[in-house]
Amino acid sequence: MNRDLTQTVARIAGVNPRACMRCGKCTGACPAYDEMEYHPHQFVSMVETGRIDELLRSKGIYTCLSCFACIERCPRQVEPARLIEAVRVLAERKQGADHLRPQDIPARLDPDMPQQAITSALRKYRR
Amino acid sequence: MQRIGVFVCWCGTNIAATVDVQAVSDALAKEPGVVLSANYQYMCSQTGQDLIETAIREHALTGVVICSCSPRMHEQTFRKTVARAGLNPYLLEIANIREQCSWIHKDRAQATEKAIILGRAAIAKVQLNTPLQAGQSPVTKRALVIGGGIAGIQTALDIAEAGFAVDIVEKQPTIGGKMTQLDKTFPTLDCAACILTPKMVDCAQNEKIRIFSYSEVEAVSGFVGSFRVTIRKKARYVREDVCTGCGLCTEKCPQKKVPNAFNLGLDTRRAIYIPFAQAVPKVAVIDADYCSMLKNGKCGVCAKVCAAGAIDYTQKDELVECEYGAIVAATGYNPIDLSGYDEFAYSRSPDVVSSLEFERLMNAAGPTGGTLLRPSDKTHPKTIVFVQCVGSRCSAEGKGKTYCSKICCMYTAKHAMLCREKYPDTDVYVFYIDVRTPGKNFDEFYRRAVEEYGVHYIKGMVGKVSPEGGKLKVQASDLLDGRQLHIDADMVVLAAAIEPDKSARPLATMLTASMDTNDFFTEAHPKLRPVESPTAGVFLSGCCQGPKDIPETVAQASAAASKVIGLLSKDSIVCNPCVAQPDELMCNGCSSCEKVCPYGAITYLDKEFRGPNRTTLLRRVAQVNPAVCQGCGACTVACPSGAMDLKGFSNRQIMAEVDAICR
């Protein structure tokens, strides 16, 4: 349970997952249902209960077509596709932190790469 | 010089545990004008009241301050006490040291200090109190019921039963309302018409009841006890007193292509029609939008065939004015317009119907004679999908209603059950968010639909309906099984949210009755006065106050009737003397007060005043009708020249209280 992440996702999405009344109209409307690991109503519930890390690890967030059928149909203005997009944004923002540790850098260095580029990248991603 | 008595109540330990009552009465004894200050365990008890009465007589008190509970609780009690001792009851002030002091504070010293300040303010106010006399106004012994559905019918019958005259105004050509369109009623499945039509006939035969059918309320003036109402009797082009209801004209009329509103447009009727066989009054009416005689003066078939000679193409709307002591709003509901719900293909396929349309398709008197047939190709549907909560329980920003429509769970269970009973080879699916069945024998009814009739109840919602090759492709979620369902349905039935009738809002304006954001009438108190409007003399019956099923509507209708009977059984009513009073010399005629008055109590009058040098000035000044004014004080705040004052709560009195608190 990660309340901070829930709040971050809700803030990025600009919607309130607590307004969900579990009607399932989003999942009823979703055209990519069979492809998705988590279905729209589950996304809302997982964001609300703070299971964001599971969502971040899931490939499912990239199978959402962003067709916005769920946004159109949601009677409570929870709009699952916005939450899914917010989790994707969160994942993108985490990319640098997850993939590059300072101690791994020397082995990857290309001798032709300008020193300044490496320094600026480190500064940008704060290690 | 004022002679004021102060009485501090302990209220057992309610006040005394947090407030030092002795200290309060000692401190208040020193206030100017106070000649007596006492405290007692229960001021409202017989002994406590005797104490006050004796004190008023012995000390010749000119004003009384009681420090006790909220005036809402015991102001009436103590006013009577004071009056018994021969003092004007409006020379009493109550300082609320329980709800506004002892109950909300913990610190004894601080609470005691606050109680003293509240007492001081009341003393400062009572110094300026003047004796007020409550006026009387007469009661017209006739009630008006607006709306002739089951709510209005029940209210009218109950009022008439008590011996009072009552008029029903119904905008449709017949009374009966929505219930006439229903097939069966839950949870007992008795036929709606069988239980309703006898009541309709009772209304028509009761000599205390007058029915204004095909009529609307045009204007309302007056106040509780004497409302003056203008009723517009719309031209039906058929003389009501002559027509025998034989129906020959409705068979001979050549204009056959008129959508039948009674069957929600699922079939057609003629331009002259009787809504249905058991209509009350059973009188034909001409639909002026379709009648060729009225439109271009050619035809006249109905006049030729009418043996009674009832047809009158020259008939005009007629205005009737009547006086009433009480008015009951029973304007009812309508299902919402479903054209905004494209995902369910309501506008694209005739086989997607609303529940009320489905009701007509199942009804023996309906367009299919009670055989369930698809509107598109008149075949038996084999798979029927019911969708709940269409337009109900939506967020405020969305297109639907925020409230639960309350009746849909039960009527959908009824529809599903009836389908399975009549046509056991049909597959019936009900998609629900929650099944809400709080009512006597309601949950048992729903369980019967599931257990005995094998209706498939699925927790989830339909996301999409697309008409394809004569079928309706339904895509929905099944949340409990965690799967998406694809059903090839023959019919889809939408449980549309219900909303107040569109006539309710203009009516509320005419009645100066308050409404909520959804256009439901607001009650005077949500728990303790559920059938009264905050506007005196206006009562609420049925769905105009909130979504209701038939048993609840009938119960509320009878409750409203009993309130009306209570009012009409009085010859006159006592008015609240704490009403607004304008100072005509200060009034500048700006109408600010008239605009803010929620009760319509203020009117303007051109009045002659003496001007300088023996001249006469004509000035426009505000007048308050004390019988209508509820003493809310909105006008006193709005008046830019300070001309408006509230008796018993004058600006001077309020300022004196503020000064006493700030001292």
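Say R0 is 22 Å: what FRET efficiency, to the nearest 0.05, do A:Ala107 and A:Glu37 get from their beta-carbon distance?
Values: r = 34 Å, r/R0 = 1.55.
In this case the efficiency is close to 0.05.
Accessible surface of A:Cys30 in the full protein assembly, 1.4 angstrom probe, to the nearest 10 Å²?
20
Run through the DSSP bridge list for region B:334-499 and note the antiparallel percent, rounded to the nearest 5. Each step should come with its number before you reach the end.
Working: 15 of 32 bridges.
Close to 45 percent.
Between beta-carbons, use under 13 Å as the cut-off and find the net charge around B:Val301, counting Lys and Arg +1, Asp and Glu -1. Intermediate results must be reported in sequence, preceding the final value.
Values: positive: B:Lys252, B:Lys256, B:Arg270, B:Lys298, B:Lys304; negative: B:Glu251.
Combined, the nearby Lys, Arg, Asp and Glu give +4.
Take every DSSP beta bridge with both residues inside the protein assembly as shown and express the antiparallel ones as a percent of the total, to the nearest 5.
Numbers: 56 of 105 bridges.
Bridges in the protein assembly as shown are about 55 percent antiparallel.
Excluding ligands, DNA and RNA, what is the accessible area buried between chains B and A, summed over both sides, using a 1.4 Å probe, to the nearest 100 Å²? Before the final figure, lay out each step's value.
Details: alone 29870 and 8570 Å², together 36900 Å².
That pair of chains buries around 1500 Å² in total.
Using R₀ = 30 Å, calculate the FRET efficiency as 1/(1 + (r/R₀)^6) where r is the Cβ-Cβ separation of B:Val450 and B:Glu99; round to 0.05. If you can, show how the numbers build up before the last one.
Details: r = 49 Å, r/R0 = 1.63.
E(calc), rounded to 0.05, equals 0.05.
For region A:58-92 and region B:516-555, what is the separation of their C-alpha centers, rounded to whole Å?
Using only Cα atoms to place each centre, the spacing works out to 42 Å.
For the peptides B:362-374, B:272-284, what is the packing order when you average, over each peptide's residues, the other Cβ atoms within 10 Å and list the highest mean first?
Details: B:362-374: 17.0, B:272-284: 21.2.
Highest mean packing first, the order is B:272-284, B:362-374.
For region B:577-628, report the % of Cα-Cα distances exceeding 18 Å. Each step should come with its number before you reach the end.
Values: 466 of 1326 pairs.
Considering region B:577-628, 35 percent of its Cα-Cα pairs are separated by more than 18 Å.
Compare B:Ser541, B:Ser45 by solvent-accessible area with a 1.4 Å probe and give them largest first, with all protein chains kept in place. Provide the component values of the computation, followed by the final result.
Numbers: B:Ser541 0, B:Ser45 35 Å².
From most accessible down to least: B:Ser45, B:Ser541.
Please give the FRET efficiency for B:Lys295 paired with B:Glu584, using the beta carbon to beta carbon distance and R0 = 41 Å, rounded to the nearest 0.05. Display every interim value, and only then the final one.
Working: r = 56 Å, r/R0 = 1.36.
For R0 = 41 Å, the calculated efficiency reads 0.15.
With a sphere of radius 12 Å drawn around the Cβ of B:Ile66, what net charge do the other residues whose Cβ falls strictly inside it have (Lys, Arg +1; Asp, Glu -1)? Present the calculation step by step, with values, prior to reporting the outcome.
Numbers: positive: B:Arg79, B:Arg98; negative: B:Glu75, B:Glu93.
Its environment carries a net charge of 0.
Return the whole-Å distance between the Cα centroid of region B:32-79 and the Cα centroid of region B:204-255.
57
Which value, in Å³ per residue, describes the convex hull spanned by the Cα atoms of region B:1-124? Each step should come with its number before you reach the end.
Values: hull volume 10.3 nm³, N = 124.
Given the Cα convex hull of region B:1-124, per-residue volume reads 83 Å³.
How long are the semi-axes of the equivalent ellipsoid of chain A, taking √(5λ) for every eigenvalue λ of the Cα gyration tensor, in whole Å from largest down?
36, 15, 12
Can you give the local net charge around B:Ser558? Use residues other than it whose beta-carbon is closer than 12 angstrom to its beta-carbon, Lys and Arg +1, Asp and Glu -1. Provide the component values of the computation, followed by the final result.
On the way: positive: B:Lys563; negative: B:Asp158, B:Glu161, B:Glu552.
Counting the neighbours of B:Ser558, the net charge comes to -2.
Which value, in nm² and rounded to one decimal, describes the direction-averaged projected area of the C-alpha convex hull of chain B?
Numbers: hull surface 159.7 nm².
The Cα convex hull of chain B, projected and averaged over all directions, gives 39.9 nm².
If a/c stays under 1.5 just call it rounded; otherwise compare a/b with b/c (prolate if a/b is bigger, oblate if not). Do that for the protein assembly as shown, with a ≥ b ≥ c from the square roots of the Cα gyration tensor eigenvalues.
oblate
With a 1.4 Å probe and all protein chains left in place, how much of the accessible area of chain B comes from carbon and sulfur atoms, in whole percent? Kindly include the intermediate steps, with their values, before the conclusion.
Details: 15070 of 29120 Å².
The nonpolar share, carbon plus sulfur, comes to 52 percent.
Sum -39500 (n - 2.57) across every DSSP H segment of at least 4 residues in the protein assembly as shown, then divide by the residue count to get the 222 nm mean residue ellipticity, nearest 500. Could you put the intermediate results ahead of the total?
Values: 25 runs with 250 residues, N = 790.
The per-residue figure over the protein assembly as shown is -9500 deg cm²/dmol.
Please list B:Asp241, B:Asp549 in order of solvent-accessible area, largest first, computed with a 1.4 Å probe with all protein chains present.
Working: B:Asp241 125, B:Asp549 20 Å².
Ranked from most to least accessible, the order is B:Asp241, B:Asp549.
Take the cross-link list B:Lys208/B:Lys316; B:Lys282/B:Lys570; A:Lys25/B:Lys548; B:Lys178/B:Lys401; B:Lys399/B:Lys459 and give me the ones stretching past 30 Å between alpha-carbons.
In this structure, B:Lys282/B:Lys570 exceed 30 Å between Cα atoms.
Can you give the average number of partner chain beta-carbon atoms within 10 Å of each beta-carbon in peptide B:366-377, as a whole number?
On the way: counts 0, 0, 0, 0, 0, 0, 0, 0, 0, 0, 0, 0.
Rounded to a whole number, the mean comes out at 0.
Determine the shielding of peptide A:69-79 by partner chains: average, over its residues, the number of Cβ atoms on other chains within 10 angstrom of each Cβ. Working shown, then result.
Working: counts 4, 1, 0, 3, 6, 3, 14, 8, 5, 1, 0.
Across the residues of A:69-79, the mean count of other-chain Cβ atoms within 10 Å is 4.
What order do you get for A:108-114, B:173-179, B:652-658 when each peptide is scored by the mean count of other beta carbon atoms within 10 Å, highest first? It would help to have the intermediate numbers written out before the result.
Details: A:108-114: 8.0, B:173-179: 24.6, B:652-658: 16.1.
For the peptides A:108-114, B:173-179, B:652-658, the packing ranking is B:173-179, B:652-658, A:108-114.
Which sequence of B:Arg447, A:Arg93 reflects their accessible areas, 1.4 Å probe, from the largest down? Working shown, then result.
Details: B:Arg447 85, A:Arg93 165 Å².
In descending accessible area the options line up as A:Arg93, B:Arg447.
Per residue, how much accessible area does chain B have with a 1.4 Å probe, in Å²? Spell out each step's value before the answer.
Details: 29120 Å² over 663 residues.
Dividing the accessible area of chain B by its residue count gives 44 Å².
Enter the mean number of other protein chain beta carbons within 10 Å of the beta carbon of each residue in B:394-403, as an integer. Could the numbers behind the result be given before it?
Values: counts 5, 8, 2, 3, 4, 1, 2, 1, 2, 0.
Whole-number average of other-chain Cβ neighbours for B:394-403 is 3.
The values are calculated or read from the model by the stated rules, or taken from the named source; none is laboratory data. Nothing here was measured: the structure is a model prediction, and the numbers come from that model. Note that each Cβ is placed from the backbone with ideal geometry, even for glycine, and that neighbours are counted across all protein chains shown. Surface accessibility is based on the protein's heavy atoms, side chains included, excluding ligands, DNA and RNA. Shrake-Rupley method; radii C 1.70, N 1.55, O 1.52, S 1.80 Å.
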